[in-house]
Every structure is written in structure tokens, then in C-alpha cells.
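Please read the structure below before turning to the comments.
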Amino acid sequence: MSGHVISVLLFLALHQLLVLPVVAYTALSDNFLKLVPSGGDDFDIDNGKLLAPILIPRVAGTPGQTVAQKHFLNFFATELPEWSVEWYNSTSTTPATGNRQIPFANLVFKREPPWVREGQSNLLTLVAHYDSKITPNGFIGAIDSAAPCAILMHVARTLDKYVTQMYDEMSALGEGGTVEMDMGVQILLLDGEEAFQSWTATDSLYGSRALAELWESSPHPAMSFYRNPLDQISMFVLLDLLGSANPIVPSYIQTTHWAYKNMATIEDRMRKLGLLESSPKHPFLAEAKKHTFYPSGVDDDHRPFMARGVPVLHLIPSPFPSVWHKMEDDGAHLDMPTVRDWARIVGAFALEWLDMMEVEPKGDAGAAALS
Ligand SMILES: *[C@@H]1O[C@H](CO)[C@@H](O)[C@H](O)[C@H]1NC(C)=O
Ligand SMILES: [Zn+2]
């Protein structure tokens with residue numbers, strides 16, 4: 001064998017070693033960050049198509065619950081028809097409603113590569129609860145969590161065209177079928193987060209407890225890459241109490257602090273590029289440099305998932321906004337620049353997570369997307 005052939009083989013071998021095992025994670029370019037849309041008037045509290053229809057009481061077992069469900073279903077059916085829909089229904093009594101079985105219904109909207117079999121894709125999982133608290137009477141829960149639900153609908157819409165392009169290109173090239181590349185995204189809109197009487201382990205998280213239990217006991221077929229739907233969750237990103245001005249969202253969880261830092265970097269870059277509307281005293285994600293972690297006392301929908309080993313990024317301000325669980329938590333008390341900035345930050349984070357630099361818009365296409 002000639003030296004030349006050996007060096008070519010060596011090069012190929014090294015190339016394989018160096019290139020293949022690396023999970024791609026490429027930061028979005030400045031240009032791409034500029035293209036991340038804010039949602040604009042779609043968050044308008046009177047006429048906007050995302051948020052206005054769900055600024056109503058949405059207690060499980062009441063008509064508002066059905067209105068909210070129909071709003072989500074209609075949005076995905078008309079704007080994002082390629083996303084699959086799954087219902088996860090359960091019932092439970094509550095300490096405030098006697099013997100009546102209250103219906104809880106989680107909705108899962110999912111977009112994954114067309115070539116995957118069951119249990120093959122890893123799923124960025126974006127989560128908010130859509131139920132509202134039963135008291136005070138007439139409570140709307142705009143930050144808790146109508147606005148986070150609307151933000152996630154917008155993020156799904158932001159992702160869709162790039163995800164579609166990515167899947168089309170990968171299909172054409174015959175790529176896919178490797179663990180890192182089979183990436184998808186799902187939006188969990190959870191029911192029954194709020195306590196009916198007072199927050200306890202059993203009077204709270206009705207929807208998330210039922211879903212985490214079900215998914216844990218729903219194994220995928222033998223030889224599936226992931227054992228069950230919990231195992232497919234690459235990151236459980238929970239949005240809660242977002243939409244008031246000047247939020248400070250700490251980094252709660254040491255094992256996912258790296259993901260928090262990725263999002264904090266995106267916020268910082270967007271602020272420096274002048275892409276965010278709010279001008280808070282502190283960044284929303286103010287703890288990128290944190291070193292010492294204490295167990296978080298904030299109980300929320302992540303708990304049943306985290307207890308089963310799912311990685312969690314918890315986006316909830318501390319302290320809680322002053323309107324928390326008060327009548328004032330309504331549309332009028334939202335800070336719209338903050339809502340739109342969260343939509344941009346979470347949208348950019350999700351694009352980056354899904355490695356969308358692969359389909360970065362160029363030139364005129366980019367300029368057109370700005371409008
Ligand atoms: C779940 O409940 C909703 C109403 O809350 C209903 O429309 C839907 O068909 C149910 N789905 C399943 C799978 O039971
Ligand atoms: Zn609440």
C-alpha cells in the first residue's frame with residue numbers, strides 16, 4: 001500500500017472520528033436572530049388571535065375549559081396542520097367539588113421527522129398549563145398561564161416552516177435515522193395545574209401527574225431507541241407566570257444549567273442587537289453565572305416528570321409577579337413588550353436547539369421573512 005493511500009485512509013478514519021460523534025449545536029447567527037418573529041398584534045388582548053380567546057376563566061369541568069381546548073385545536077388544524085394532536089384525558093375528584101369526577105384533558109401537539117417509527121425521535125418539549133384557578137371567582141390567569149400558552153402557540157408557528165424545510169432536505173438526502181438527527185418538538189398544554197382548595201401533593205398538578213404516570217407505564221416496542229415517551233423528552237421547558245414586567249427567572253436546576261445558559265446567551269445577544277422591546281433592570285435570565293445551587297422550592301408541572309428523571313428547564317420568575325393569584329392577573333396587567341420578548345427568546349432557543357442553522361434563510365428570503 002502506498003503512503004498516499006494510507007494517508008487517505010487515515011484521513012478518512014480521522015474524519016469519521018472527528019465528525020460523526022459530534023452532536024451538532026450551532027448558535028443561531030445574528031441574521032437568524034433578527035428573523036425571529038415577536039408575534040406582534042397576535043398577542044393583542046382584545047382582538048389578537050393567539051391570546052384574546054383564552055383570556056377567560058378556564059377551570060376544568062366548566063365551559064371555559066372547552067373553549068380553550070377548541071382554540072388550541074382550531075389553531076393547529078388551520079395554521080399548523082402537519083402537527084399531530086393527542087388527547088390525554090383523566091378524571092379525579094377534588095377537595096372542593098365533592099364526589100363529582102372532574103374531567104382533565106392534556107393536549108399534546110407534536111411535529112417529528114416523517115421517517116421515524118414509534119419511540120425513535122428525541123423531542124424538545126415545551127410546556128404550559130391552560131387551566132385557570134377556580135378562585136377568586138372570575139379569575140382569568142393571564143400570566144397563569146394564558147400568556148405562556150399563547151407564547152408556545154406562536155413558537156410552534158415560528159418553528160414550523162424551518163422544521164418542514166429541514167425534514168424535506170433530510171429526506172431528500174437520505175439523512176436521518178441517527179439518534180441526534182431525529183429531532184422533533186412537542187407542545188404540552190396541560191390541564192389541572194391549579195389546586196381547587198389549597199396546594200397539596202394531591203390537590204394540584206392533576207394533568208401533569210396523570211400524564212407522567214401514563215408515559216412511564218407506556219413502553220415503546222422492543223428495539224425502540226427510547227424506552228417510553230418520557231425517555232424521548234430531550235428537555236422539558238416549562239413556562240409559568242410569564243408576562244409581567246421585570247421578571248427575574250433564576251436558574252433552579254444544576255443539571256440543566258447548561259441549557260439555561262444557552263437561553264441566557266440568546267437573551268443577551270438579542271438585547272445587544274436591539275431585538276428586544278423591554279428594557280428591564282436585570283436580564284430576564286439573570287443567573288447565567290450562578291455556581292451554587294440549592295434545591296428549588298417551586299412546585300409546578302415539572303415535578304412528576306423530573307421525579308422520573310426527565311431533564312427540566314423551569315422558566316418561572318422568583319419572586320412571583322405581584323398579580324399572582326389575584327383578580328388583577330388579567331389581560332390589562334400584562335406587559336406586552338415582555339410577552340413578545342419571551343416569544344422571541346423562547347422561539348430563538350427552540351430554533352437553536354433544533355439545529356436550524358442548517359436551514360438558515362439567506363439574502364432576500366431573509367429580508368422577506370422580516371416583514
Ligand atoms: C378527551 O376529552 C375531550 C373533551 O374534554 C374530548 O373532546 C376528547 O374526545 C377526549 N379524548 C379522548 C381520547 O378521550
Ligand atoms: Zn397558579
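A short reminder: the numbers here are calculations on the coordinates, not readings from a lab. Just so we're clear, the structure is a prediction, and the values are computed from it rather than from any experiment. Here the Cβ is made from the backbone with ideal geometry for all residues, glycine too, and neighbour counts use every protein chain on show.
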Answer yes if at least one residue in the range 68-75 is outside any helix (DSSP H, G or I) and either surrounded by 18 or more Cβ atoms within 10 Å (Cβ to Cβ) or within 16 Å of ligand 2 (Cβ to nearest atom) (or both), and no otherwise. no
Counted residues in the range 106-148 being within 16 Å of ligand 1 (Cβ to nearest atom), of a type outside the set (Phe, Trp, Tyr) and within 24 Å of ALA52 (Cβ to Cβ) come to 6
Do we find a residue being away from ligand 1 (no atom under 16 Å from the Cβ), surrounded by fewer than 24 Cβ atoms within 10 Å (Cβ to Cβ) and closer than 30 Å to GLN101 by Cα anywhere in the range 238-252? yes
Scope the range 231-248; condition of a type in the set (Val, Ile, Thr) and either in a strand (DSSP E or B) or within 16 Å of ligand 2 (Cβ to nearest atom) (or both); matching residues: ILE233, VAL237
Pairs returned, first residue in the range 50-74 that is within 15 Å of ligand 1 (Cβ to nearest atom), second residue that is among the polar types (S, T, N, Q), beta-carbon separation under 7 angstrom, 6 or more apart or interchain, are ARG58/GLN65; ARG58/SER132; VAL59/GLN65; VAL59/SER132
Look through PRO136, PRO95, PRO103 and report the one residue that is farther than 30 Å from PRO319 by Cα and not aliphatic (A, V, I, L, M). PRO103
Being part of a helix (DSSP H, G or I), within 13 Å of ligand 2 (Cβ to nearest atom) and either surrounded by fewer than 24 Cβ atoms within 10 Å (Cβ to Cβ) or not acidic (Asp, Glu) (or both), is that true of even one residue in the range 129-141? no
Regarding VAL237, is this residue under 29 Å from ALA201 (Cα atoms), under 19 Å from the mean Cα position of the chain (by Cα) and without any contact (Cβ under 8 Å) to a residue 60 or more places away in the chain? no
Checking GLN197 against (1) out of contact with any helix residue (DSSP H, G or I) (no Cβ under 8 Å at 6 or more places or on another chain); (2) in contact (Cβ under 8 Å) with a residue 40 or more places away in the chain; (3) away from ligand 2 (no atom under 16 Å from the Cβ): exactly one of these is not met. Which one? (3)
Any residue at all in the range 195-207 that is in contact with a strand residue (DSSP E or B) (Cβ under 8 Å, 6 or more places away or on another chain), closer than 14 Å to PRO304 by Cα and not charged (D, E, K, R)? yes
Of everything in the range 80-125 that's free of Cβ contacts under 8 Å to residues at least 40 places away in the same chain and part of a loop (DSSP other than H, G, I, E, B), which residue is farthest from ligand 2 (Cβ to nearest atom)? PRO81
Scan the range 30-57 residue by residue and report those that are surrounded by fewer than 21 Cβ atoms within 10 Å (Cβ to Cβ), part of a loop (DSSP other than H, G, I, E, B) and under 19 Å from the mean Cα position of the chain (by Cα). PRO37
Tell me, which helices (runs of 4 or more DSSP H) lie completely within the range 274-371 with 1 or more residues that are within 20 Å of the chain's Cα centre (by Cα), of a type in the set (Phe, Trp, Tyr) and closer than 27 Å to ASP42 by Cβ? 336-353
Checking the structure you have, find out if any residue of the range 60-67 is surrounded by 18 or more Cβ atoms within 10 Å (Cβ to Cβ), over 16 Å from ASP144 (Cα atoms) and touching a Leu at 6+ places or on another chain (Cβ under 7 Å). no
